[in-house]
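Worksheet for the structure shown next.
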């Protein structure tokens, strides 16, 4: 039952965050999402009694005012993404210490997902500055 409550809470938070992502994209913001899994026991759920719950926490990274066509601006954006990923994964660990993977692997995956949009923004800025 506890796993169901956690899943419902995470789902509700994810729904709220998804609606904010659309707004965030209009404000030059990148969303960094740390994701971990939590194994819990629930009697009668499966033959082994194990339930896997995915926990995600997203942080927005503001990039307004950064010149992404410059090395300094791109480096600052990447630093902010790394900091947000670490913060999100550390917060998940604080609330769910048994979650997997560890903080470093969680942050690495979150950065990789966020860098897809970051690279696209860098590329767009570079093209715009050469015109």
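We did not get these values from a lab; they are worked out from the coordinates using the rules stated. Quick caveat: nothing in here was measured; it's all calculated off a predicted structure. FYI the Cβ positions are ideal-geometry reconstructions off the backbone, even for glycines, and counts take in every protein chain you see.
Some notes on this structure:
- C-alpha center-to-center spacing [region 56-90, region 111-131] in angstrom: 12
- Potential lengthening between residue 52 and residue 83 on full extension [0.36 nm per residue; Cα-Cα distance subtracted]: 8.4 nm
- Exposure proxy shown here: for 128, 117, the number of other Cβ atoms within 10 Å sets the order, fewest to most, as 128, 117.
- Between residue 71 and residue 116, residue separation times 0.36 nm minus the direct Cα-Cα distance comes to 14.5 nm.
- Cβ-based exposure ranking for 115, 77, in which fewest neighbours within 10 Å come first: 115, 77
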